[in-house]
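Asker: My questions all concern the structure below.
None of the figures in this text is laboratory data; all of them are computed from the coordinates on show. The model shown is predicted, which means the values in this text are computed figures rather than measured ones. All Cβ positions, glycine included, derive from the backbone under ideal geometry; neighbour counts span all protein chains shown.
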Amino acid sequence: LAQQIGAETERLLTFQKDHLKKVVVCVGGTNKNKDVRLLKGTTPIVVATPGRLLDHLQNSDLAIRMANLDALILDEADQLLDMGFRPDIERILKLLEPSKATRQTLLFSATIPNQVEEIAAIALRPNYNFVDTVGEDEEQTHL
């Protein structure tokens, strides 16, 4: 999924200025040193799996560089939690705490179980906006 998101992001940036086009995709099972090289300098967009992002935040200067993060997007939050990534997500959010007050955080989920609501309470600012694209009368997916 991270690879797909990275590829689509690059397509969306086709007509942007060159300095905004850098997209770095970091996923487990790939060469971490390559990630480190690609993350050097200005990196406007990082797409990462929770484990690999946590690894870079804890073991490089990435957490410091992300102190002024503009946006954080958690996609497929229900699936990430179902796969056991809650501890990693909580650690990531703690490491990104300096940017919480000013960054825009988006959380996407096909379903909204209690776990997702709990992560939303940690990741999002108070009084966040909830956008329901399914509707209360419609059948939920992934139940």
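Asker: Report the label-to-label distance for ASN59 and GLU76 in nanometres (one decimal), using points 7 Å from each Cα along the Cα→Cβ vector.
Answerer: Distance between label points: 2.3 nm.
Asker: Specify the inter-centroid distance of region 121-137 and region 43-59, based on alpha-carbon positions, in whole Å.
Answerer: So the separation of the two Cα centres works out to 25 Å.
Asker: Compute the length gained on full extension between PHE15 and ASN31: take 0.36 nm times their separation in residues and subtract their Cα-Cα distance, giving the result in nm to one decimal. The partial results should precede the final answer.
Answerer: Values: separation 16, 0.36 × 16 = 5.76 nm, distance 2.96 nm.
Contour length minus the Cα-Cα distance gives 2.8 nm.
Asker: Something else about it: With a ≥ b ≥ c taken as the square roots of the eigenvalues of the C-alpha gyration tensor of region 1-63, please select rounded if a/c is under 1.5 and otherwise prolate if a/b is larger than b/c or oblate if it is not?
Answerer: oblate
Asker: Using the charge dipole of the chain (Lys, Arg: +1 at Cβ; Asp, Glu: -1 at Cβ; taken about the Cα centre), state which of SER60, VAL134, ALA123 has its Cα farthest towards the positive end.
Answerer: Toward the positive end, the furthest listed residue is SER60.
Asker: In whole percent, what relative contact order does the chain give with Cα contacts below 8 Å and a gap of six or more residues?
Answerer: Numbers: 149 pairs, mean separation 27.0, N = 143.
Relative contact order comes out at 19 percent.
Asker: Whole angstrom only: what separates the Cα centroid of region 100-116 from the Cα centroid of region 72-90?
Answerer: 10 Å
Asker: Once you sort the root eigenvalues of the Cα gyration tensor of the chain as a ≥ b ≥ c, which label holds: rounded (a/c under 1.5), prolate (a/b larger than b/c) or oblate (the other case)?
Answerer: Because a/c hits 1.5 or more and a/b exceeds b/c, the chain counts as prolate.
Asker: Evaluate the charge dipole of region 52-121 about its Cα centre and quote only its size in Debye, nearest 20, assuming +1 on the Cβ of each Lys and Arg and -1 on the Cβ of each Asp and Glu.
Answerer: Magnitude of the dipole: close to 280 debye.
Asker: So, one more: Express in nm, to one decimal, how much length is gained between GLU8 and ASP132 on full extension, taking 0.36 nm for each residue of separation and deducting their alpha carbon distance.
Answerer: Numbers: separation 124, 0.36 × 124 = 44.64 nm, distance 2.35 nm.
Taking GLU8 through ASP132 to full extension adds about 42.3 nm, to one decimal.
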